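Written out below as structure tokens is the structure these notes cover.
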Amino acid sequence: MGQENGRDDERPVHRVTVAPFLLCRFQTTNAHWEAFRKATGREKVEFAHETAPAAWVNWFDAMAYCHWLSAEWGMRGALRARLPTEAEWEFAARGGVEGRLYPWGDAPRVYQARRWKDGPEPVAGFEPNGYGLFDMCENVHEWCSDWYDAGYYAVSPAENPQGPAHGVRRASRGGAWRHHVKFSRCAARSSIPPEFRYADYGFRVGGEAVKEAI
């Protein structure tokens, strides 16, 4: 994890092992969110396209969606839907290539001026990474389950790190339509208070890779 020539909170670079896990190929879309909203009586949010990632979602919203989805699908115990950890997210973003800077390679994309003028685009606009995951590091920042601590890498356990035990900000990963270049590297870290909602914050669902999921 991390990048030696990255920002301070990406150091020291360190090796961790994560247990097998599941991660959705796509960010949670407006269509998915609308089903959740209707089922739970939440306030309607206007959006441009049903296949664009759901935004204006805070950490508690994302957790509530995971709990709802688990119930809808009859998921119990270790098989419940959840947010990925920072370690899982970074592992997934690299697509199976250790040390890769971006999900698609080691050079930043050249983006056309027409992109992301008003908000996120429909998911899967580009090819997936090596694990078949779309839009890693693009479209919206993605909430992770961890509390955020800029110095956590110095004390992170080597096995399945879950983040600090407490904090005031929750971790997020990946670039977004408003801040793409700054956070588009696989190792780049970001965070905001869990109650905040922004137009460039969304999530994708993860889970445990237990036998019942196969």
Inset, instruction - Determine which member of the set A48, A39, A55 is assigned to a helix (DSSP H, G or I) and either in contact (Cβ under 8 Å) with a residue 60 or more places away in the chain or surrounded by fewer than 17 Cβ atoms within 10 Å (Cβ to Cβ) (or both). - result: A39
Inset, instruction - Filter region 5-36 for residues that are in contact with a helix residue (DSSP H, G or I) (Cβ under 8 Å, 6 or more places away or on another chain) and surrounded by fewer than 11 Cβ atoms within 10 Å (Cβ to Cβ) and give the result. - result: P12
Inset, instruction - May I ask you to verify whether G119 is free of Cβ contacts under 8 Å to residues at least 12 places away in the same chain and either over 21 Å from P12 (Cα atoms) or assigned to a loop (DSSP other than H, G, I, E, B) (or both)? - result: no
Inset, instruction - Output the residues belonging to region 145-175 that are of a type in the set (D, E, K, R), over 12 Å from W89 (Cα atoms) and under 14 Å from the mean Cα position of the chain (by Cα). - result: R170
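Yes or no, residue by residue, for (1) modelled with pLDDT under 95; (2) touching a helix residue (DSSP H, G or I) at 6+ places or on another chain (Cβ under 9 Å):
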{"position": "A93", "(1), (2)": "no, no"}
{"position": "E98", "(1), (2)": "yes, no"}
{"position": "Y131", "(1), (2)": "no, yes"}
{"position": "M136", "(1), (2)": "no, yes"}
{"position": "W147", "(1), (2)": "no, no"}
Inset, instruction - Please tell me if P108 is surrounded by fewer than 20 Cβ atoms within 10 Å (Cβ to Cβ), in a loop (DSSP other than H, G, I, E, B), out of contact with any helix residue (DSSP H, G or I) (no Cβ under 6 Å at 6 or more places or on another chain) and not β-branched (V, I, T). - result: yes
Legend entry - Single residue of region 109-127 satisfying the filter (touching a His at 6+ places or on another chain (Cβ under 9 Å) and more than 22 Å from T29 (Cα to Cα)) that is modelled with the lowest pLDDT: Y111
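The values are calculated or read from the model by the stated rules, or taken from the named source; none is laboratory data. Computed from a predicted structure; not experimentally measured. Counting neighbours? That spans all protein chains shown, and the Cβs are built from the backbone with ideal geometry, glycine included.
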